[in-house]
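Rule-based calculations on the coordinates, nothing more; no lab input. Since this is a predicted model, take the numbers as computed values, not measurements. Quick reminder, even Gly has a Cβ in these numbers, built from the backbone with ideal geometry, and neighbours come from all protein chains shown.
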Amino acid sequence: MLMVNEFFDHVPLLADAQGFPYERPFIGLATGTFTNKILEKLLNVEEQERPKCALSLCNQLTSYRLTDPILYLEHGENPMPVPLTVVTNSTVETIFEAAGERKDTSGLLFYKIETTEYYLKIFWKISGPTKLKTRPPNRFDVGIVDGKKFVGDERSLEALYATTKAYSDKMTEASDFSVTETLLTVPGRSAIKNPLKITVRVQMTTEKDAKLEVTLIDNLPPATPPQLYKRVTPAVLIGTGLMSTVLGVMFKKVMKHIPKEQTGTISLENQSELVLLINPSWFIQSGFTSSIVPWDIRPTEKGTISWRSPLGGTKITELLKHTVHFMSYQIEGTNYHVVAGTWFPFKLGEEQSVFILFVIEKKVEAQTMKGILSILGTVLAQKGGDISQLISSIKSNVQQKFIIDAIPDKKISGIHSSKYQRYNEWQYPIFTPQVGAKPGTEYHVKIIAAVGFGKALGVDIKVKVLPGPSPQAASFQNQNPQTYIEPPSP
């Protein structure tokens, strides 16, 4: 562990010292989306009859990011959460697929157009064959909606989906392409003389493994000299079988078991400027780890941790057990650890997975993080994934109560995997260790996360350590987590 006055001082990397490329295994630079790494897998799974929709979202707006996504799944599942933001001059990819006996994938996806009151709406519906072996045509409906008329709660989206689907069902042909223009009233621009015009171009293939491309363009002059816009469309990704060069081989090996097993993947991104995530620990029950865990995750890097939950095992009793996976990373220079846990339902059940996330200070030297994670995982499995019962059980156990006491807000927070998805934000105060009479320095850690939906469950976690107390400390002390809202660009 670093000394207090060395909190942000690191030994130069070997690559920095010798000036040659240095490739870190099982680590990816956090420069793109995580979801595009599994497109190739999902469109080539063993159950070829399951329709899929690979979405490529191209943001060519001059100065407006796409933020604060809201996803409503009517049918099917999405193994990984949709990307948190889509920056200007970039493309992100994600995928939706049918699940279970129903051979459909359909839903609504919204992104807020930054600093405006408007949202991008994407509706899709891909159906499998009917009893008569005919397949309904693919559908999409994409456009800009006024945020003043938009309510993003689950019930409202369910009603909006029904209305959009009813309109779409009146079409006699498959949706293939569309180009629409929308004039937006935004601050600083005249709605009459100089309105913001956004053009939305959409294409969708008509096959059951559909590719849907959505591109946004505006009428503003370039903010910087024109740059080459590099993109990878779903047609390229799928048509060529292209797979991510980072971690692709590992994912293909892990995910090929999807029809027979449940799989879990955590994407952990370190958004801190100087602080490393170090000293990982993990615990798994009734499952198997299936990837090498990175020993550290440096700033701007993204580590990936995978595990799998088999349908059965060496004993038939394994079929009736819940898979529980907990992992932690220490925040460099402190005694605090980020803890993430996942509880899978019964292998053949219809329950939804539970995801737990919090920060803990390791105060008891005699107890290892492995031991703490083991307690959490074992009790959570015993309590059937019920977080409130987990907390009550640990609080009432004299030998385990120290776990709750070591969490800054004395709470264990979690969310359920659901067809209604938004990113959540956790915040915690943390301190460097006290040295003698000198108190530790205060920082705060911000964690943003979302969880996917389906048998191939993915969790996207972003961790950022910031100096000083949080301006929102009182709010997060009262409610942790909260729905994440992207701050304006600096």
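Got a sec to turn the phi values of segment 438-451 into Karplus ³J(HN,Hα) couplings, 6.51 cos²θ - 1.76 cosθ + 1.60 with θ = phi - 60°, whole Hz, x for Gly and Pro?
7, x, x, 7, 8, 9, 9, 10, 10, 10, 10, 8, 8, 10
Within the set 121/148; 112/197; 395/464; 370/438; 302/383; 208/462, which residue pairs have Cα atoms separated by over 22 Å?
Values: 121/148 14 Å; 112/197 16 Å; 395/464 29 Å; 370/438 30 Å; 302/383 32 Å; 208/462 34 Å.
Distance filter (> 22 Å) returns 395/464; 370/438; 302/383; 208/462.
Using the per-residue mean of other Cβ atoms lying within 10 Å as a proxy for protection, in what order, highest first, do the peptides 70-81, 394-405 fall?
Ranking, from highest mean packing down: 70-81, 394-405.
Can you give the FRET efficiency for residue 186 and residue 292, using 1/(1 + (r/R0)^6), R0 = 51 Å, r = Cβ-Cβ distance, to the nearest 0.05?
Plugging the Cβ-Cβ distance into 1/(1 + (r/R0)^6) gives 0.60.
Let's test the formula: R0 of 22 Å, r as the Cβ-Cβ distance of residue 473 and residue 363. What FRET efficiency results, to the nearest 0.05? Spell out each step's value before the answer.
On the way: r = 21 Å, r/R0 = 0.94.
Using R0 = 22 Å, I get an efficiency of 0.60.
Order 332-342, 433-443, 197-207 from most to least packed using the mean count of other Cβ atoms within 10 Å.
Packing order, densest peptide first, comes out as 332-342, 197-207, 433-443.
Quick check: pseudo-label points 7 Å beyond the Cα along Cα→Cβ at residue 397 and residue 169, how many nm apart are they?
Placing both labels 7 Å beyond Cα along the Cβ direction yields 5.1 nm.
Which FRET efficiency, nearest 0.05, do residue 177 and residue 485 yield, Cβ-Cβ r, R0 30 Å?
Efficiency, rounded to the nearest 0.05: 0.35.
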